[in-house]
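*Asks:* Structure provided below as structure tokens; questions to follow.
The values are calculated or read from the model by the stated rules, or taken from the named source; none is laboratory data. Source: prediction; values computed, not measured. Neighbour counts run over all protein chains shown; Cβ positions are idealised from the backbone, glycine included. Each accessible area value is taken on the protein alone, full model and side chains, heavy atoms only, with ligands, DNA and RNA left out. Shrake-Rupley method; radii C 1.70, N 1.55, O 1.52, S 1.80 Å.
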Amino acid sequence: MSTTTKRVPRFNGKRNRLARPELLAPAGNLEKLKFAVHYGADAVYIGGQQYGLRSNADNFSFEEMREGVEFAKKYGAKVFVATNIYAHNEDLEGIEQYLKNLQEAGIAAIIAADPIIIETAQRVAPNMEVHLSTQQSVLNWKTVQFWKEEGLPRVVLARETSFEEIQEIKNHVDIEIEAFIHGAMCSSFSGRCVLSNHFTDRDSNRGGCCQSCRWKYDLFLEGAPVNEEGEDPFTMGSKDLCMIEHIPDLIEVGIDSFKIEGRMKSIHYVASVVNAYRQAIDAYFDDPEHYELKQEWLDEINKAANRPLNTGFFLDVPGTEDHIYTAEEKPAPYDFAAVVHDYDESTQFATIEQRSHFTVGQEIEFVGPGGRFFKQTVSELTDLEGNKLDVARHPLQKLRIRTLKPVQPMDIMRKKIK
């Protein structure tokens, strides 16, 4: 920490162990924020238009942040902002005003890695918590203790941390621990890859990662190609993390915040994954002794996942089987087809906003928070004027569809990809 400014009072906070784990979801834009909260997130993390590591996400203006905070408050949820770049000299101008604006917008916490951003936030926005970003790659209890003494109420652990290491951290340090429990993993040491910098001059630690580990490569040995004609090109991306089968372990080891990766992911992905974990967490706390993993939660996850899944570093160090060396596998078998805006009980017609192409006669699914779910075939479809349609062709068009069961606003309609 800087020695040129007066050290601020340390956080003397409201808690150091949450009553039950917080489910923390990604939100790449305002619409995704609303779906994440509606489907059960206790908190969401977003990016502003500066100082974050997802420069290609839509990101939030201060006006959108205020709207997101007001929406989240209705559900008792919080909004965090990622300010987790490693700052260069030119990044520092304006940081004080930016952090003050975040506090004024009602942001509950920032997620930061650079010590100067941490110290500045503590000094100019004292009502806003500072959580240590996973970009700091914290793996041991003494480092956690250091950051606690620097006034941080929460540390986001490195993705490479195991259950045993988390247990030791919780045994030594009374502080909130946040850990990623679902989503993409870095094939390098998380937050330390510079392939993007080398190949594209896009700085991974300033929000520009081009995900070069997911690219397709030709392999050569002494100038001769290794791949045979027609063979898949080489890649080196990691499989995705998924801990839905280990909810009791995550809770009992003492993780305070379950973090889902994916600010660049779709509404369908965010809603589906949050929905599954919300149900699993609630089921455990409703009856811990008789908790059972339900197949419908696994199904929900699998309908959203884009890559094969594993347990990351929680149980063991990933090996060769935990990486993807051939062409990326097929995408999720379901696609986001529409979102429900309204439902008329008298006619059994729902007003929907189309998101992708579907036809009369096609099988669809409706999904809502808390496990509401049913399948049906599209039997009747009209525009808002009542004209019958055979196919929904135009994204964002408002349509009316007869449903077999009542649906609610913000329910998702999806279709199976043929």
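*Asks:* Any residue that is part of a helix (DSSP H, G or I), out of contact with any Pro (no Cβ under 8 Å at 6 or more places or on another chain) and assigned by TED's automatic domain parsing to the domain that holds residue 86 - is there at least one of those in the range 172-193?
*Replies:* So the first thing to find is which residues in the range 172-193 are part of a helix (DSSP H, G or I), and the list is 172.
Still in the running and out of contact with any Pro (no Cβ under 8 Å at 6 or more places or on another chain): 172.
Those left that are additionally assigned by TED's automatic domain parsing to the domain that holds residue 86: 172.
Yes, the range 172-193 has at least one match.
*Asks:* Scan the range 382-393 and report the pairs whose first residue is farther than 14 Å from residue 354 by Cβ and whose second residue is part of a loop (DSSP other than H, G, I, E, B) and open to solvent by 90 Å² or more (accessible area, probe 1.4 Å), with Cβ atoms within less than 8 Å and a gap of 6+ or a chain change.
*Replies:* none
*Asks:* Does residue 304 count as in a loop (DSSP other than H, G, I, E, B) and open to solvent by less than 10 Å² (accessible area, probe 1.4 Å)?
*Replies:* Numbers: in a loop (DSSP other than H, G, I, E, B): yes; open to solvent by less than 10 Å² (accessible area, probe 1.4 Å): yes.
Yes, satisfied.
*Asks:* With respect to residue 315, determine if the residue is within 29 Å of residue 132 (Cβ to Cβ), loosely packed, with under 15 Cβ neighbours inside 10 Å, among the aliphatic types (A, V, I, L, M) and modelled with pLDDT under 95. Break it down stepwise before answering.
*Replies:* Details: within 29 Å of residue 132 (Cβ to Cβ): yes; loosely packed, with under 15 Cβ neighbours inside 10 Å: yes; among the aliphatic types (A, V, I, L, M): yes; modelled with pLDDT under 95: yes.
So residue 315 passes the test.
*Asks:* Being closer than 18 Å to residue 116 by Cα and of a type in the set (Lys, Arg) is the filter here; which residues of the range 142-174 pass it?
*Replies:* Passing the criteria: 148, 154.
*Asks:* Look through 400, 372 and report the one residue that is of a type in the set (Lys, Arg) and farther than 23 Å from residue 36 by Cβ.
*Replies:* 400
*Asks:* List, please: which pairs have Cβ atoms under 7 Å, are six or more places apart or on different chains, and start with a residue in the range 75-100 that is of a type in the set (S, T, N, Q) and end with one that is open to solvent by 10 Å² or more (accessible area, probe 1.4 Å)?
*Replies:* 83/51; 83/52; 84/52; 84/53; 84/135
*Asks:* Within the set of pairs 6+ apart or on separate chains, which have a first residue in the range 222-244 that is closer than 30 Å to residue 305 by Cα, a second that is open to solvent by 80 Å² or more (accessible area, probe 1.4 Å), and C-beta atoms under 7 Å apart?
*Replies:* 227/218; 233/216; 233/218; 234/325; 235/215; 235/216; 235/325; 236/325
*Asks:* A follow-up question, please. Condition test on residue 212, is it outside the structural domain of residue 165 (by TED's automatic domain parsing), touching a helix residue (DSSP H, G or I) at 6+ places or on another chain (Cβ under 8 Å) and open to solvent by less than 10 Å² (accessible area, probe 1.4 Å)? It would help to see each step written out before you state the result.
*Replies:* On the way: outside the structural domain of residue 165 (by TED's automatic domain parsing): yes; touching a helix residue (DSSP H, G or I) at 6+ places or on another chain (Cβ under 8 Å): yes; open to solvent by less than 10 Å² (accessible area, probe 1.4 Å): yes.
It is true that residue 212 is outside the structural domain of residue 165 (by TED's automatic domain parsing), touching a helix residue (DSSP H, G or I) at 6+ places or on another chain (Cβ under 8 Å) and open to solvent by less than 10 Å² (accessible area, probe 1.4 Å).
*Asks:* OK, next. All but one of (1) without any contact (Cβ under 8 Å) to a residue 40 or more places away in the chain; (2) open to solvent by less than 10 Å² (accessible area, probe 1.4 Å) hold for residue 103; which doesn't?
*Replies:* (2)
*Asks:* Hey, another quick one. Could you tell me how many of the residues in the range 392-418 are loosely packed, with under 13 Cβ neighbours inside 10 Å and either assigned by TED's automatic domain parsing to the domain that holds residue 306 or farther than 13 Å from residue 349 by Cβ (or both)?
*Replies:* 6
*Asks:* Filtering the range 219-268 down to residues that are touching a Cys at 6+ places or on another chain (Cβ under 9 Å) and either of a type in the set (Ser, Thr, Tyr) or part of a helix (DSSP H, G or I) (or both), which residue is farthest from residue 34 (Cα to Cα)?
*Replies:* Across the range 219-268, the extreme among qualifying residues is 235.
*Asks:* May I pose another question? With the requirement that a residue be modelled with pLDDT of 95 or more, among the basic types (Lys, Arg) and open to solvent by less than 70 Å² (accessible area, probe 1.4 Å), what does the range 119-169 give you?
*Replies:* Within the range 119-169, just 154 meets the criteria.
*Asks:* Taking the range 219-256, which residues are modelled with pLDDT of 80 or more, within 30 Å of residue 164 (Cα to Cα) and either among the hydrophobic types (A, V, I, L, M, F, W, C) or loosely packed, with under 11 Cβ neighbours inside 10 Å (or both)?
*Replies:* Scanning the range 219-256 gives 241, 242, 243, 244, 247, 250, 251, 253, 255.
*Asks:* Let me ask something else about it. Taking the residues in the range 269-298 that are touching a residue at least 12 places away in the same chain (Cβ under 8 Å) and not in a helix (DSSP H, G or I) as candidates, determine which candidate is most open to solvent (accessible area, probe 1.4 Å).
*Replies:* 294
*Asks:* In the set 372, 355, which member is within 21 Å of residue 306 (Cα to Cα) and not small (Gly, Ala, Ser)?
*Replies:* 355
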